[in-house]
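The values are calculated or read from the model by the stated rules, or taken from the named source; none is laboratory data. Being a predicted model, the structure only gives us computed values, none of them experimental. Don't worry about glycine lacking a Cβ; one is built from the backbone with ideal geometry, like all the others, and counts go over all protein chains shown. Ligands, DNA and RNA are excluded from the accessible area calculation, which covers all protein heavy atoms including side chains. Shrake-Rupley method; radii C 1.70, N 1.55, O 1.52, S 1.80 Å.
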Amino acid sequence: MMIKKVGFYGLDVYSLFESIDVVLRQLETINPFLARRARIRYECFSPFIRDEKAYAKSLLDFPEGCRNEVLRNLQELLKLRSEYKNTLLNLQQNARIIANAESYYRAMIRADESSWNIRDQHMLATLEQLLDYHGGDAKAIVWAHNSHIGDYRATDMEASGLVNLGGLAREKWGEEQIALVGFGTYQGEVIASGAWDGPIEKMVVPPGKPGTYESIFHEFVKRSRIKNFFIDLRGKGTRQGPLSKVRGHRAIGVVYHPAHERFGNYVPTSLANRYDAFIFFDETRALEPMIMGFEREEFPETWPRGV
């Protein structure tokens, strides 16, 4: 019997300094000479004492920053060959994270929403690398917020110059190869935080705003008494039917303010064009978070939208 391997990976642009640690540690086991050279280049970040916020602020006075150093290391590491393929994948991907994280903080200090695009384009590139690594018949399941999964072209994101993983994946591999599944709720509970460095809280999700998809689905629940349901949006004529109409669709991110959500938490959405399927829960219960021993005082990785 052939054993099929399953991997669990992160797609986002994670911490700059943790990725530097991984690259240097793993490179020492493969090529100590190259590790020393990479270490010298990454020393460019030493004055900031592992503080992304300090590095970002420094770009106001010294715009060149460490951009050349991280790109030179990335170029060298992408040429590296090793019999330890899994180590090499991890090493090279962390080098990409370093380069993209540097671009991310560079965009953030300019208050530039292109930082969102840097993240989602990085996610797509990472997904592509993983599929290539695992072979031609590999499949992937990506778990992310609706704002990353649902096709950006079916929302107001495109008009703002923003892209996301779901839309980019459709463009790259074709709609037949991709299944975008969205989630929604009318009311209930959620775990989130009121601020980037705030504590995890169990929050009440207020009833959906009238006229939104959440409100319409709740009316269906009241009539049918089916509280949770699944909608296949790939059916014939669906993309031109009632669910293709642009309506508000709730977005809840890492940072959430239930009392203010009517002012900015509803994304204009053509549901039938944003997703291939949609799962609706009339009332949700908050998940129990996995408590991680990790604190972050720096810029949040999910700026500007909190997802």
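Dipole of the chain computed with +1 at Lys/Arg Cβ and -1 at Asp/Glu Cβ about the Cα centre; of Y104, M290, Q240, farthest Cα towards the positive end is Q240.
Between amide H atoms placed 1.01 Å from N, distances below 5 Å from L233 occur with A277, F278, all of them 5 or more places distant or on a separate chain. Semi-axis lengths, largest first, of the ellipsoid equivalent to region 1-145 are 28, 21, 11 Å, with √(5λ) applied to each eigenvalue of the Cα gyration tensor.
Of K202/K227; K209/K245; K202/K222; K5/K85; K222/K245; K139/K172, which pairs sit farther than 19 Å apart, going by alpha carbon to alpha carbon? Mind dumping the intermediate values first?
On the way: K202/K227 22 Å; K209/K245 16 Å; K202/K222 26 Å; K5/K85 15 Å; K222/K245 22 Å; K139/K172 15 Å.
From the list (K202/K227; K209/K245; K202/K222; K5/K85; K222/K245; K139/K172), the Cα-Cα distance tops 19 Å for K202/K227; K202/K222; K222/K245.
As a fraction of the 1.4 Å probe accessible area of region 1-46, surface on carbon and sulfur atoms comes out at 61 percent. Kindly provide log₁₀ I(q)/I(0) values, in the same order as q = 0.15, 0.17, 0.19, 0.20 Å⁻¹, from the Debye equation applied to equal alpha-carbon scatterers of region 15-84. After summing over all Cα pairs, the log10 values are -0.51, -0.64, -0.77, -0.84. K53 sits with roughly 80 Å² accessible to a 1.4 Å probe, with DNA, RNA and ligands left out of the calculation. Backbone geometry of region 38-44 corresponds, through the Karplus equation with coefficients 6.51, -1.76 and 1.60 at θ = phi - 60°, to 3J(HN,Hα) couplings of 5, 4, 4, 5, 5, 4, 3 Hz, x marking Gly and Pro.
Scaling against 2.2 N^0.38 Å puts the C-alpha radius of gyration of the chain at 1.11.
Roughly how big is region 39-86's charge dipole about its Cα centre, with Cβ charges of +1 (Lys, Arg) and -1 (Asp, Glu), in debye to the nearest 20?
Numbers: 10 positive and 8 negative charges, 45 e Å.
Dipole magnitude for region 39-86 comes out near 220 debye.
Computed about the Cα centre, the dipole magnitude for the chain is approximately 720 debye when only Lys and Arg (+1) and Asp and Glu (-1) carry charge, each at its Cβ. Would you please classify the overall shape of region 138-296 from the alpha carbon gyration tensor, given that a ≥ b ≥ c denote the square roots of the eigenvalues, rounded means a/c under 1.5, and beyond that prolate means a/b larger than b/c while oblate covers the rest? Oblate is the answer for region 138-296, as a/c is 1.5 or above yet b/c matches or exceeds a/b.
I'd like the antiparallel share, as a percent to the nearest 5, of DSSP beta bridges with both residues in the chain. Intermediate results must be reported in sequence, preceding the final value.
Details: 16 of 24 bridges.
Counting only bridges with both partners in the chain, antiparallel ones make up about 65 percent.
Beyond 18 Å, what share of the Cα-Cα pairs of region 162-235 remains, rounded to the nearest whole percent? In whole percent, the share of Cα-Cα pairs in region 162-235 beyond 18 Å is 62.
Our helix-only sum for the chain, with -39,500 (n - 2.57) per DSSP H run of n ≥ 4 divided by its residues, gives a mean residue ellipticity at 222 nm of -12500 deg cm²/dmol.
Counting only protein heavy atoms and a 1.4 Å probe, region 1-52 has 68 square angstrom of accessible area per residue.
Could you sort the peptides 41-50, 131-140, 95-104 by per-residue average Cβ neighbour count (10 Å cutoff), highest mean leading?
So the order, starting with the most tightly packed, is 95-104, 41-50, 131-140.
Solvent-accessible surface of region 82-204, averaged per residue with a 1.4 angstrom probe and all protein chains in place: 48 square angstrom.
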